Every structure is written in C-alpha cells, then in structure tokens.
Amino acid sequence: MNRIALTLVRGVFFSTAGLLPLLAHGQIYTCKDAAGRTITGDHPMPECANSKVLELSKAGVVKREIPAPLTAEQKRQQQALDDKRRVELAAEEQRRQQDRALLSRYRSEADIEASRRYYLSLSQDLIKRDQVAIDDAQNQLKTANTEAEFYKHRKTLPMSLRNKIDDANRDIAYNQKNMADHQAELTHINGKFDETRKHYRELVGAMPEAQASR
C-alpha cells in the first residue's frame, strides 16, 4: 500500500488517494469555494471562478498561482493607482527632459549669469521708457496747471484744458503702474535665475564626469 500521506501546498492539505487519479492527467487545479471547501480537478472549475487557484505539477508542486479576479472596488482602486503612476512617470520624464535642456543650454554658471543680465536689461530698458513717459506726462500736467491759473477766478475750466489735465494724470498713473510691474519683473527674473543656478549646480554635482569635463 502506498503510504504517501498528505501533501501540503501553501497551507492546503490534499489526500493522496484523491490526488492520484488526477496526477495521471499531468496537472491538477485546486481552490477553495465560497463555502471554504477544497475543490480539485484536472481543469479549472467553475466553482473556482471567483477564487484563487493553484496549478500543481505531477509531483504535487505548485507550478503557478492564479489570483482571484478583482472585485469592482479593487478594480477601481487599481485603476486609480495605475493612473497615478502614469502621471508620476510622465512628470518624471518631463523633469528629465527639462534637466537635459538646462544642461544643453548652459555650459557653465557664467552662461547662466550672462542670460540673467540679458533679461534684466530688457526689463531695465522698459523701466527707463516708463520713466520717460511719466516725465512727459508730468510736464504736460505742469503746463496744463499753469494754464489753469488764468481761469482760477472762473467756476469751471474750459473742456479742452480739463481734458489735458485728465489725460496727463491718467498717463502718469498708467506708466507708474507699468514701472511697478517691470520693477517686480526684475525680482522675478533674479529669483528664476537663482533657482536655475542652484538646480544646475545640483545636476552637475550629480554628474562628476560632466563636472570634470566642464
């Protein structure tokens, strides 16, 4: 009498008497049904449709594990994880492209500083233009106010003179706002290039061979 007793497969016991006829087919499938009963056969069984299935070899060794199908909630969670991972991979690839572009554009920190000076000069030119416009408007206002002195004893100024004063005040306010915006842009440009220089140093520091070649 064959005394093969019980085969343990990941915590599941199978009787030798029950396995021997199935082993003749070359492989067996086993699972637990909804009631917790062990189901065994020489092909995947309908009772195992919603359960984890183990496929065994002739020797009773687990060849593979077929996981139970995901529930609707598990599918939703898996989809959410997959979507998040895709977004993270896309963001990582974008960062890598930006890093490559940075290293390609600037060969040294001197290049970064040269670029900083260029963009600062553009804003500084705009500030000078704003100041010229403000000075012109203030001169026009001064002229209009001087002309208004001739009408100080009247209740109202001529419409044309009022328009000159209003236009001058409007031009002064408009160009003062532009100047403030362009001055703020100077701060923004400096901050941007400070970050660029810092990140450039980090990239070069992480690439000793590139640092040496520079």
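Annotations
- Size-normalised alpha-carbon gyration radius of the stretch 64-214, reference 2.2 N^0.38 Å: 2.02
- Computed magnitude of the charge dipole of the stretch 125-204 (debye, nearest 20; Cβ of K, R +1, Cβ of D, E -1): 280
- Which listed pairs, of K128/K177; K52/K84; K128/K198; K177/K198, have C-alpha distances above 21 Å, in listed order: K52/K84; K128/K198; K177/K198
- Long-range HN-HN contacts of V53 with modeled amide H, under 5 Å: I66, A68
- The length gained by stretching the chain between N169 and S104 to full extension, at 0.36 nm per residue less their Cα-Cα distance, is 18.5 nm.
Computed from the coordinates by the stated procedures, all read-outs in this text should not be read as laboratory data. Computed from a predicted model, the values in this text were never measured in an experiment. When we count neighbours, we look across all protein chains shown, and the Cβ atoms used for this are built from the backbone with ideal geometry, even at glycine.
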